[in-house]
Amino acid sequence: MQQVWTRFKQPAPAARLLLTVLTLALPPATARADDGLLDRFYRTSIAANLVEPTDCTIAPDGRIFIAERGGHVLLYVNGERRWRVRLNEVETNVGEGGLLGITHDPQAHKNGRIYVAYTTRAGGDLRTRVSSLITSDDGLDLATEKVVLEVPAMQADGHYAGGLKFGPDGLLYLSCGDQWLAERSQDITLPQGKILRFRPDGTAPKDNPFFKGDGVAPYVWAYGLRNPFRFAFDPVGGALYAGDVGAAAWEELDRVRPGENYGWPRMEGPHCYVNDCSEFTPPIWSYPHDDPDQGQCIIMGGVYRSSAFPAEYYGNIFVADFTGGYIRRLGLLKGGTVEDLGVFTSAAPYVVDLEIGPDGALYYLSYVQGLVRIEHLDGSNRPPVPVVSASPLAGPPPLEVQFSSAGTHDPDDETQELGYVWVFGDGQRSYEPDPVHAYAQRGAYRARLIVDDGAYAALSDELEITVGAPPQVELIKPPAGVLFRAGEQIAFEARGFDEFGDPLPESAYSTRVLIIRPADAFNILVGPLEGSKGVFTVPDSGRPMEDSHLRLEITATDALGLATTVSRELFPLVSPLSLDSQPSGVPIFLNDIPVSTPHVYHGPVGYRYTLRAQDSYVLDGVELRFVGWSIDDVDAAAAELEIGLVAAEGGHRLVARYARPDTLAERGRELNFPCFLFALPGALLLLVAGRTRRSERGR
C-alpha cells in the first residue's frame, strides 16, 4: 500500500502521517491517550462516520472498498474517500439483511472488478445474491453489475452471514448463516449453515464434495455451521479458518475442510448435546459465554504472514469479538491446534471485519469507529500524543469556539517543540496550539488537531461542533411503559421541527428497531425505514428473545445535516418457561437450539416455541429412554418427542421424562395421533402430529 507522506508546516525530512483516533463513543470534548495497544503499535483512522459498515476488502494496490449494510459501496484511496455509491436492488428491511459482504477480484488492480453479497427481493422471493461490478477511482459502474449466484434466503431477521472471499484456488467462497432454522444446517441441499464454493461465473466446480447432490449441495464446501460471519485463508498453505458465532454458550474457531460437518445444532463449541458427536469436526479453539473477559460474538480476522510486525507475530491468527471489544492473537501449533496469546488491543468495540493489508498492517472495521489501521513502527522515535478539547461545543451562529491542545506531548522528549495544525471542518485552519475560531454558518462540523514532531504527524480524535439548533423531535408513539407481546404490531410516530419552527419533511426521518441483549449485544430487527410514522411486528418465532427488549430509534436530520435522535425502550410482558428433564441434565432442543437442563427461559408472552426431546441419552454412564412430557406437573397423554407451545402469562414448566430401558413396560401398542391438544389455563399446547415412540424392552 502506498504510504501517505504529509507535512503541514515548514519543510523538513519527509514525515509519515499517523492518525491516532480512538473510540467515537468517548465524550467528544476530550481525546483519550490510552488506546490499549502495545508499545510501537499505532492506530490510524482511515474512514470515520460510516453508516452501519459490514465488510471491507483491500486490493493489492492499496485501494480500500467498504460495504455499508444500507447498500452503499465506498472507495478510499490513500486515506481519501473517492466515492460512495448505492447498489440498486439491496433489500435492507429484513432485520440484519442488506449489503453484507465485499471482496476484490485477484486482478482488481488491473480490471477494477469487485464482488458483493447482499439480500434482495428483486424479481421474486428473498434471496442472497452475489454480483460482480466494475469500479474505477471515479466511481462504481452500476450498469456493469452481473449476477453470479443466488441462493434462497428465508424470511428471517438475522444470521444471513455474508462472508465473501476468493480462495487461493481462484474460486469464490460464501458463508451462509442458519437464519434461526438450526436444523437446516444439517441438510446439505439447503444453503443455511454452510460455506459455499463456486467459480466466478457462478458454476459449481466438480471437485466440491457434494457435487452430485440435489438443491445447493453441488455448491456446499462445508456444513453444520451456525453463523460463520467472517472467515479467512492462510496465505501460506491456503488453510480456511472460520469464526462461527455461537448461540447461548460457546464461540468457536473452525479449521474448515471440504465435506466436513461442524455439528450445529448437535454440538456447540466443544460441548456435545447428543449421545455421540464423533461424526462432527470439533473447533480448534473456543471460548464460553460465561467468561466475562471473552465476549459473545467471534469475528475471524486473518493469518499474519507479513514482516511488518515483529517476528513473533508471524503465523498468528487475529480474531476479534463484536461484544467483547477486543482483538486477540492466537498462535498456530503443530497438529493444527492453537494457543491463546492474549489480547492485542482492548479498544476495538463492535468489530465486524478484520483484514491484513498488502502493507502488512492490520485493519479492523468497527461499527462505531469506522475503518482503523494498526501498524508497527520501528526506530527510537515515537509519534506525539495529541490531546484536545473545545468550548463551547454548540451554539447559534456566529459561534466562537476556544480550542485547546493542553496535555499534548512528545512521549520521547517532553521538551520537544511540536508543530500544530488545527483543521476546523469548514475549510479553515490554524497553526496555533490553542486557537479561537468563529463558525459563521449553521451546520455540523468536525474539528481535529494534527501535531508534528518533525518525524511523525499524529491526528487527534474528532471534536463535534454544532452551529445552530438541531431539530426538535417529539416521540408520539408508542407510549412509554406499555409492555408488548410477541406477534403484536407496534405503531410508531414522531413529529419534528427545524430551529425556525418549520415541520420536517418525511424524508428527514429514519427509523430502526434494535433487539437489546445481555452483555451489550444488539441485533437489528427493523430498519432503516423512511418516514415519520409506521408499524413493525414483534417476532413470535425464529430469533430467540430471551432476556431481551426492544429499542425504537427515530432520527430526524435537517437540510444542513443537524440531527436529533429520540429513542424509547420497549419491554415485553415476560413469560418464564422452566425447562428440565427427569432426571435432570438431559439437553432439550428449544426451537432447534440445544438447551442444557435445568434452565429457565424468560421470553415474551405470545412467543411460539417448539420443544424437542431426545429419544435416548446417556447421562452419567446410564442409558435413558424418553417416556413423555410433564406440562405444569401434568403428564401429557401422548409421548411425542416434539411439542409446540405459545407462551402465556404466568409461564409454564415442562419436564422431559426419561427412564432406564429395563424399567420400561413391555413393547407397547403403537398409537397414531393426527393432532393432540393439551389445554391449560391461558395457554394451548400442541403435540405435533405423528406417532408415539414405541416403548420396548432392550431396544
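The values are calculated or read from the model by the stated rules, or taken from the named source; none is laboratory data. Since the structure is predicted, the reported quantities are computational estimates derived from the model, not experimental observations. No Cβ is skipped: glycine too gets one built from the backbone with ideal geometry, and neighbour counts run over all protein chains shown.
Observations on the model:
- Taking the criterion of being part of a loop (DSSP other than H, G, I, E, B) and under 30 Å from Leu590 (Cα atoms), the residues of the range 533-562 that qualify are Val538, Pro539, Asp540, Ser541, Gly542, Arg543, Pro544, Met545, Glu546, Asp547, Ser548.
- Per-region count, the range 449-458, residues surrounded by fewer than 21 Cβ atoms within 10 Å (Cβ to Cβ) and in a strand (DSSP E or B): 1
- Scan of the range 191-219 for residues that are more than 26 Å from Glu145 (Cβ to Cβ) and either part of a strand (DSSP E or B) or in contact with an Asp or Glu (Cβ under 6 Å, 6 or more places away or on another chain) (or both), ordered by number: Gly193
- Of all the numbered requirements in (1) crowded, with 21+ Cβ neighbours inside 10 Å; (2) not hydrophobic (A, V, I, L, M, F, W, C); (3) not in a loop (DSSP other than H, G, I, E, B), Asp461 misses one, and that requirement is (3).
- Lone qualifier among Leu164, Leu174 - being within 28 Å of Pro258 (Cα to Cα), buried (at least 16 other Cβ atoms within 10 Å of the Cβ) and out of contact with any Lys or Arg (no Cβ under 9 Å at 6 or more places or on another chain): Leu164
Condition check ((1) in the same structural domain as Pro235 (by the TED database); (2) modelled with pLDDT of 95 or more; (3) not β-branched (Val, Ile, Thr)) across all residues:
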| site | (1), (2), (3) |
| --- | --- |
| Thr30 | no, no, no |
| Ala59 | yes, yes, yes |
| Arg84 | yes, yes, yes |
| Gly97 | yes, no, yes |
| Gly101 | yes, yes, yes |
| His104 | yes, yes, yes |
| His109 | yes, no, yes |
| Thr120 | yes, yes, no |
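- The requirement of being among the hydroxyl-bearing types (Ser, Thr, Tyr) and either buried (at least 17 other Cβ atoms within 10 Å of the Cβ) or under 25 Å from the mean Cα position of the chain (by Cα) (or both) is fulfilled nowhere in the range 194-206; no residue meets it.
- Tally of residues being in a strand (DSSP E or B) and free of Cβ contacts under 8 Å to residues at least 60 places away in the same chain across the range 476-532: 18
- Residue check, Ser306 at pLDDT 90 or above and among the polar types (S, T, N, Q): yes
Yes/no per residue for (1) closer than 17 Å to Arg43 by Cα; (2) outside the structural domain of Ala108 (by the TED database); (3) assigned to a strand (DSSP E or B); (4) not aliphatic (A, V, I, L, M):
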| residue | (1), (2), (3), (4) |
| --- | --- |
| Ala348 | yes, no, no, no |
| Glu355 | yes, no, yes, yes |
| Leu371 | yes, no, yes, no |
| Gln441 | no, yes, no, yes |
| Tyr445 | no, yes, yes, yes |
